[in-house]
Amino acid sequence: RMDLNARIYGASFAIAKWRYEVGTDGEVKFDGPTMKVLNNRDCLPNPAYSSVKNWFQYREYLTVRELENINDTSSGKPKYKNLKELRGSILDKNVKGGDSRQDNYSPKFRQLQGLSDYLGTDEDPDFKIVEIITEYREDRIIVFAPKHGIILRDDINPYKHGQIPVITLKYIPIDDDIYGMSEIEPIEKVQKALNALTSQYVDAINMDLYRILHVAPTEVQMHTIEWAPGKKWLMNRP
């Protein structure tokens, strides 16, 4: 997935962190390292550098229950706070589905397939979605809900030496550009030219295969009939 994203966007990102998850019964469901490939449209690296430096933000769409059960970094109880205020803010806004992803962008593949994006919309009122931004700094980790103005976490970065647990993959690195160049960009104009030539060739073949079948000899000058692009037929009644 990182390779495919890098070919399209020029760069891709993944987060490699320690995840601690507790089930509804209080038992530990997972306690170990994970790697998650991020959606490029949900990532915001510091654009001032050609690598991940100083800070990195990524966006998630979670339910309040997931925030209560998941703690990303170390073993222990979940450290998200102000969840009661977050619930109240969602109820005050009087939205059935919560924070809609459609407010930020529409998934392209769903559009191509003619499908709608129901995440956070009124069509899914049973699981209220919250847009969550996690900002990793060299010294701190900050989690907040931007549409509700609530900070859910503000802790010291637990990773050694101020590490930001984000992996970057570039397709064609370019100086001072964190994204670099995609696989598509260098050949975009060439591909458009090939597509135009292919379309022209297909049109010519279609014209040659599907010739006229019937002609009214009294309504057209027979010597003007020539089946080729741009040719004119002299007709009494077109």
Open item on the list: For the chain, take every pair of Cα atoms, bin their distances at 5 Å starting from 0, and report each bin as a whole percent.
Closed with: 1, 5, 9, 11, 12, 12, 10, 7, 5, 4, 4, 4, 4, 4, 3, 2, 2, 1, 0
- [ ] Evaluate 2.2 N^0.38 Å with N set to the residue count of the stretch 1-90, then give the Cα radius of gyration divided by it.
- [x] 1.29
Open item on the list: Could you tell me the relative contact order of the chain? Use alpha-carbon pairs under 8 Å, at least six residues apart, and round to a whole percent.
Closed with: 21
Open item on the list: Can you give the longest run of the chain that contains no GluC sites (Glu not before Pro) sitting in a DSSP loop with at most 16 other Cβ atoms inside 10 Å?
Closed with: 28-122
Task: Cα-based reach from Lys147 at 18 Å (exclusive), listing lysines while leaving out same-chain residues under 8 positions away - done: Lys81, Lys84, Lys93, Lys96, Lys128
Task: Residue-normalised accessible area of the chain, given per residue in Å² at a 1.4 Å probe - done: 65
TODO: Report in % the part of the accessible area of the stretch 106-223 that belongs to carbon and sulfur, leaving out ligands and nucleic acids; probe 1.4 Å.
DONE: 57
Task: Calculated [θ] (222 nm, deg cm²/dmol) that DSSP helices of n ≥ 4 give over the chain, each run adding -39,500 (n - 2.57) - done: -6500 deg cm²/dmol
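The values are calculated or read from the model by the stated rules, or taken from the named source; none is laboratory data. The shown structure was predicted, so the numbers you read here are calculated from the model rather than taken from an experiment. FYI the Cβ positions are ideal-geometry reconstructions off the backbone, even for glycines, and counts take in every protein chain you see. For accessibility, only protein heavy atoms count, side chains too; no ligands or nucleic acids. Shrake-Rupley method; radii C 1.70, N 1.55, O 1.52, S 1.80 Å.
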